[in-house]
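Peer 1: Okay, handing you the structure first.
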Amino acid sequence: MSDSERIALDIHAHLAPVLKDRLDAIASVTWDEAAGALTIDGYTLAAKSVYRPEALVAWMDEQRIERAWISIPPPLIRRAAIAEMRADAERLLGPQFRQIVKLIEEPILQPIYDLESPHMAFGRVAILGDAAFVARPHVAAGVSKAADDAAALVQALEAEPDVPAALKRYEAARLRENTLIIERARHLGAYLQATQTQEERARAGLHSTAGAVIAETAVLDFLRT
Ligand SMILES: Cc1cc2nc3c(=O)[nH]c(=O)nc-3n(C[C@H](O)[C@H](O)[C@H](O)COP(=O)(O)OP(=O)(O)OC[C@H]3O[C@@H](n4cnc5c(N)ncnc54)[C@H](O)[C@@H]3O)c2cc1C
């Protein structure tokens with residue numbers, strides 16, 4: 001493998017710190033301290049203890065893994081992070097929202113990604129809805145765009161007997177609108193990003209005022225212009 005062919009992968013749970021008392025409470029997960037082995041659903045995670053941060057980094061280097069997205073199952077979220085979130089909620093939120101946070105026994109982490117496809121038709125295969133485009137929540141367009149994709153697909157198949165040609169027609173009908181929705185969601189959501197380019201910072205300023213959030217969230221009028 002050449003250096004240019006480095007790998008990106010999703011690492012699930014490997015980086016989670018081992019909290020024995022918590023692991024004991026999770027079905028099908030065992031931790032063998034002596035062997036340094038974490039077993040999940042009968043599968044022992046690598047021989048190299050990659051769930052230890054320093055070992056994981058070394059293992060990634062060895063395997064030429066350039067990037068890893070890390071997802072952590074809820075019981076393994078660091079307790080300190082949860083305590084910090086609860087303290088922030090007390091400090092920053094209104095009473096109703098504080099109450100909701102208090103009632104959540106086990107918070108989850110939900111990463112938000114943009115998914116944008118350059119094509120929706122590939123020969124006799126079409127993708128639609130979230131399989132093709134996933135926009136940040138601000139536009140609240142997920143259901144309506146999936147339904148519009150489905151309706152456009154039906155119309156294209158009814159109008160054109162040749163399936164690949166019909167799917168191309170479907171793509172032509174939907175690609176632009178879906179791309180606009182993703183772009184709009186990126187603009188509206190820029191203020192929540194952990195890191196921002198200069199352009200995103202400028203957009204964040206425009207869309208993060210209370211008035212703008214109320215007027216712009218879950219509104220698809222921009223598609224008419
Ligand atoms: C927490 C949350 C809140 C949201 N709030 C809103 C909102 O307020 N407004 C809005 O418009 N949108 C909202 N969305 C987005 C919206 O739910 C999605 O955009 C929409 O459901 C996408 O529709 P879809 O048909 O493309 O995919 P889905 O609704 O995800 O349907 C895909 C279906 O395929 C099934 N499936 C997957 N793999 C297989 C397989 N191998 N074999 C068979 N079946 C399979 C799944 O079980 C699922 O039923 C929200 C999403 C989330 C997660």
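Quick note: the coordinates plus some simple rules give every number you see, no bench work behind them. This is a predicted model, so every value here is computed, not measured. When we count neighbours, we look across all protein chains shown, and the Cβ atoms used for this are built from the backbone with ideal geometry, even at glycine.
Peer 1: Evaluate E = 1/(1 + (r/R0)^6) for Gln155 and Leu206, where r is the Cβ-Cβ distance and R0 equals 41 Å; express this FRET efficiency to the nearest 0.05.
Peer 2: That gives a FRET efficiency of 0.70.
Peer 1: If you don't mind, there's one more thing I want to ask. What does the C-alpha gyration tensor say about the overall shape of the stretch 59-181? Classify as rounded when a/c is under 1.5, otherwise prolate if a/b is larger than b/c, or oblate.
Peer 2: oblate
Peer 1: Pull up the cross-link candidates among the aspartates and glutamates for Lys102, meaning alpha carbon to alpha carbon under 16 Å and not fewer than 8 places away within one chain.
Peer 2: Cross-link targets: Glu84, Asp88, Glu90.
Peer 1: I'd like the Karplus ³J(HN,Hα) series for the stretch 141-156: coefficients 6.51, -1.76, 1.60, θ = phi - 60°, whole numbers in Hz, and an x wherever there's a Gly or Pro.
Peer 2: Rounded to whole hertz, the list is 9, x, 6, 5, 6, 5, 5, 5, 4, 4, 5, 5, 5, 4, 4, 5.
Peer 1: Rank the residues Lys20, Lys168, Lys102 as a footprinting-exposure proxy: fewest other Cβ atoms within 10 Å of their Cβ go first.
Peer 2: Lys20, Lys102, Lys168
Peer 1: Under a Cβ-Cβ cut-off of 13 Å, what is the net charge of the residues other than Gln196 that fall near it, where Lys and Arg count +1 and Asp and Glu count -1?
Peer 2: My count for the surroundings of Gln196 gives +1.
Peer 1: Let me ask something additional. Taking amide H positions as placed in the peptide plane 1.01 Å from N, state which residues far from Ala37 in sequence (5 or more) or on other chains have amide H under 5 Å from it.
Peer 2: Hits under the 5 Å cutoff: Asp32.
Peer 1: On to the next question. Once you have the Cα-Cα distance between Leu220 and Asp130, take 0.36 nm times their residue separation minus that, and quote the gain in nm to one decimal.
Peer 2: Taking 0.36 nm per residue and subtracting the Cα distance, the gain is 30.7 nm.
Peer 1: At 0.890 mPa s and 25 °C, plugging the Kirkwood radius over alpha-carbon pairs of the stretch 121-224 into Stokes-Einstein gives what diffusion coefficient in µm²/s?
Peer 2: After rounding, the answer is 164 µm²/s.
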